[in-house]
Amino acid sequence: PVFETGGATVVLEESDLPFEEDILRNPYHVKSWTRYVLHKTNNKAQKQVINLIYERALKELPGSYKLWYNYLKLRRLQIKGKVIPDPEFEDVNNAFERSLVFMHKMPRIWLEYAQFLMDQCKVTRTRHTFDRALRSLAITQHDRIWPLYLKFVRRHDLPETGMRVYRRYLKLFPENAEEFVDYLKKINRLDEAALKMAEILNTEKFTSKHGKSHHQLWMELCELMCKNPDQVKGLKVEAIIRCGLERFHNEAGSLWCALAEYQTRSGHFEKARDVYEEAVNTVMTARDFGQVALEEHKLEAQREKEHSERAESRAEREARRKRDDADRAEAKAEREARARGVMMP
């Protein structure tokens, strides 16, 4: 028998006849087809021949997960090492699409397809595939899709898309909010990160997956706000820190210093000095007093250094201006002298 596949002619050998007879007798028996494929593989048959057998098998058994999975795995192995623009990649993509007509309830097929598209750097098509997978699968199977989906959005510099994907993810897994905060910090969306951390702290039943206490999360939020006053705009920083002073008395020194640092980084040096003075008159322990006094001393030293640098800079600019004026005056005098010399008889 002769078959046409992929523009090539495939001639069946005599050793194939028992297998052909078997599939004629049992066309809906998966083992008959897999034995035939194994026979051709052991005989080093051309890939077109093996692919043809799989295509014939799937025509008879389109709902067989085993056949589709093995076929797609074989097709990926056949193009291993080839460059991505090769047309065979799109042929494999089409094979995946055909399989999903029948295998759309199988998360493994979706994952293999999404990973294959990720390897091809097809960003938009990959995102659409993940979304289709989530729509097709039961919600109890979504936990198998999300890890690869999140890995995909972290791989590419797509902050808006990544934030939308993470918000959808947290609707199903709110306990992983810290992962979203880490992602926001990574993409430098610090205002969003601070708002999310505040939301976490306001959730009484939240339990950190990293084993962090409520106090540790609070201190992380304070550090984030105080070190980035130009980016964190959605929260009342001073009110939050003062609230912390009332709740965490053992961290009074650190919180006062954080509030002063926030004012300093915001450019409000007088307010920072007022904060230190209030702290010195408020703290109750020697440790907190020493911490506040040390930070206040650092602030004053920094102010003095900046003042001296500005003074030196002004003096240098004035000296440079005087030198430039002198050079211009000399050049003008020289031009006038030359003009008088030319006009003399």
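The values are calculated or read from the model by the stated rules, or taken from the named source; none is laboratory data. Since this is a predicted model, take the numbers as computed values, not measurements. Cβ: placed from backbone, ideal geometry, glycine included. Neighbour counts: every protein chain shown. Just the protein is used for accessible areas: all its heavy atoms, side chains included, with ligands, DNA and RNA removed. Shrake-Rupley method; radii C 1.70, N 1.55, O 1.52, S 1.80 Å.
Some observations on this one:
- Extension gain for Thr41-Val280 works out to 77.8 nm (0.36 nm per residue, less the C-alpha to C-alpha distance).
- Short-range pairs are left out: with C-alpha atoms under 8 Å and at least six residues apart, the relative contact order of segment 178-276 is 23 percent.
- Solvent-accessible area per residue for segment 127-220 (1.4 angstrom probe, square angstrom): 55
- Leading residue at positive end of dipole, segment 81-229 (Cβ point charges), from Gly211, Ala138, Ala194: Ala138
- Per-residue HN-Hα couplings for segment 82-94 [Karplus 6.51, -1.76, 1.60; θ = phi - 60°; Hz; x = Gly/Pro]: 8, 6, 4, x, 4, x, 5, 4, 5, 4, 5, 4, 5
- Between His156 and Arg247, the simple label model (points 7 Å from Cα in the Cβ direction) yields a spacing of 3.9 nm.
- Simple label model, 7 Å out from Cα along Cβ direction - Ile139 to Glu21, nm: 5.6
- By average C-beta atoms within 10 angstrom, highest first, the peptides 215-225, 41-51, 62-72: 215-225, 62-72, 41-51
- Length gained on full extension, Lys66 to His214, computed as 0.36 nm times the residue gap minus the Cα-Cα distance: 48.4 nm.
- For segment 97-232, carbon and sulfur atoms together expose 51% of the accessible surface, with a 1.4 angstrom probe and every protein chain in place.
- Rounded to the nearest 20, the Cβ-based charge dipole of segment 50-203 about its Cα centre (Lys and Arg +1, Asp and Glu -1) stands at 340 debye.
- Note on His268 and Glu238: the model spin-label points, each 7 Å out from Cα along the C-beta direction, lie 0.3 nm apart.
- Protection proxy ranking, peptides 177-190, 14-27, average beta carbon neighbours within 10 Å, highest first: 177-190, 14-27
- Under the criterion of Cα pairs below 8 Å and six or more residues apart, the relative contact order for segment 19-75 equals 32 percent.
- Residues of type lysines that Lys271 reaches as a straight line, Cα spacing below 22 Å, ignoring anything fewer than 8 places off in the same chain: Lys227, Lys233, Lys236, Lys298, Lys305
- Computed extension gain for Phe102 through Thr203, at 0.36 nm per residue and net of the alpha carbon distance, reaches 32.1 nm.
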